1. With the contact rule set at Cα under 8 Å and sequence spacing of 6 or more, what percent relative contact order holds for chain A?
2. What is the helix-to-structure angle for B:66-79, meaning the angle in degrees between its Cα long axis and the longest Cα principal axis of chain B, kept from 0 to 90 and rounded to the nearest 10?
3. Shape call for chain A from the C-alpha gyration tensor, a ≥ b ≥ c root eigenvalues: rounded (a/c under 1.5), prolate (a/b greater than b/c) or oblate?
4. Shape verdict for segment A:1-154, please, from the Cα gyration tensor: rounded (a/c under 1.5), prolate (a/b greater than b/c) or oblate.
5. Over chain B, what is the mean sequence separation of C-alpha contacts under 8 Å (at least six apart), divided by residue count, expressed as relative contact order in percent?
6. Kindly provide the helix-only [θ] at 222 nm of the protein assembly as shown, computed as the sum of -39,500 (n - 2.57) over DSSP H runs of four or more divided by all residues, to the nearest 500 deg cm²/dmol?
7. Within 10 Å of each candidate Cβ there may be at most 15 other Cβ atoms; applying that plus a DSSP loop requirement, which trypsin sites (Lys or Arg not before Pro) in segment A:119-218 survive?
8. What average number of partner chain Cβ atoms lie no more than 10 Å from the Cβ of the residues making up B:25-37?
Amino acid sequence: MALLSFLRAVALGWAVAELSAPSANGWSRAANAAIGVPLGLGLTSFLYFVLLWLGARSMGVFAGLETAALLAAGWVLWKRPATTSVPPVNRFRYWWILAIAAACAALMGIAAVAAASEMTPHGDWDAWAIWNVRAKFLAGPGDAWRYSVSPALTKTHPDYPLLVSGAVARVWRLGGGGGPEAAATLALAWFASVPAILAAGIGSLRSVSAGLLAVLVLMATPSYLAQGPSQYADIPLSACLLGAALCAMRRQPALCGMLCACAAWTKNEGLVFALALLAACAWFQGVRASAPAWAAAAPGLAVVAAFKLLLAPGSEYAGRTPDFSRLPTVLAAFGRELGNLSLGDWLTHPFLLMAALAWGLRFAKDGPWLAGWKAVAAALGAQCAAYGTVYLMTPSDVEWQVGTSMERLVAQVWPAAVALFATRLNVPDDTVAASAPPASATVERSGGKSRRRRAQASS
Amino acid sequence: MNLAAAVCFAVAALSLWSAMNFYGLMSKTGPDPYQVGRQLSRYAEAAAQAPAEGVLGYEPAEQKDGKAQALFYIARYALAPRLVTTVPGQKIVLKDEESGARLEKAGGR
């Protein structure tokens, strides 16, 4: 039952992604499927919490509404008219070598995280002190869910949004059990979705080999991968940020808006990024073009706003002003953290790999993705500025604060930063001698019965 | 094969090397340093006796060090969906002592 409720959430996410951003080829379909993980878990977490707040307690109501939404989305997809298929760029003769390497690196990373999760099934400190204990409140009987925002939860941030706790509680309630396996499995799903979103998202935006190179850079970042088994909210947030960033660059505003709302429901940092990205999209892509993003984000942001204004206790940062004497400490810690991305192995440091790629492939000057790229770059810049400001304002000892959180903050934005880098890079397909002519467009029916009529397979 | 392709293959090789190192590092991960699974059994009896929901007070046995703080959060995790809090004035209190954890009505023993 727990597995079924997880799969229903992911299927719903995939269907919503397909409805709001119809896929044009196998890679964009894979991107929508991968985005379905954070989107589906986010949307069902929203639904679970809103129904709890409205007084619904019956599991039949939760499961029935989700199933009805899934069936409705599936029916619309089935009836949707045929879409024009545009094969992904794939002219790099040796792309399969990159594919094998990226798949092996990703599988090793996922296997390593799964093995570590078995050793720490309840996750790290914050998992049982914050996220999963709040999940137990949300899965509890009667009005126990209100303890998840109780001011008595001192030093454990009862003002934080509830996407992760809500997703875990939902699986516990619908699955009929409260064991640690569900939380660990969800953490692994969020983690595994990140390289998949990166490969398929960049693969459909630029080229297949560019997506694979982005995955290779990500999997050479052990400080990011090491967050996988923690069961904290930082990896889910990184998945939402990456998905939203790629959708902004792929000009899929509705999907971008929904992922922004999911980010805002995951952590306070996600709320900053969501507002920054939506504003940046309006600035760089135009108000009219970004209106669907705002419209798609609005319901989720309204829930987050209602949660913050009506339920959550006040933030510990309220009324504090920045202490700029802390700036050198914060900047030094940030520099140390970037230097430590490879956990001390300088030969495989991701910056070294990125520098090599920039040297070998050079950067692209223009493309249809450029306005979205600028918006994401501006949003990530605003996000880093917000991190710094929070450190300047923290009521805790700043040395302790940066020592216990900087690694996680960098992890939140790292996949989106890698996507930003990989998008701007010239694709190997144009730099290396091509081995096959571009494939021509084909017509393909989206939805349940896919009738492929590929004129020619890409190499 | 030109420079760009060579760079791509070098990046692939280094990434694989890094992923293998990470796998080796994580496969040496020791058991949970806080022994959460084992500590949960410490609170199992109290969880069985406690009302299905409500707020419970908490009295730690030890001084305020890292271990005592971990025990408090594990106790809260174990007894959820009841809310365990250090805020005084609760009718039922979880006494966390060296010999084990037990529930007590406030003022009584």
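1. Normalised by residue count, the contact order of chain A is 23 percent.
2. Computed tilt is about 80 degrees.
3. oblate
4. Oblate shape, in that a/c is at least 1.5 and b/c is the bigger or equal ratio.
5. Rounded, it is 26 percent for chain B.
6. -21000 deg cm²/dmol
7. Counting only loop positions with at most 15 other Cβ atoms within 10 Å, the trypsin sites (Lys or Arg not before Pro) in segment A:119-218 are A:K155.
8. Mean shielding count: 6.
FYI, it's all coordinate maths here, none of it is from the lab. These numbers were taken from a predicted model, which means no experiment stands behind them. Cβ atoms come from the backbone with ideal geometry, glycine included; neighbour counts cover every protein chain shown.
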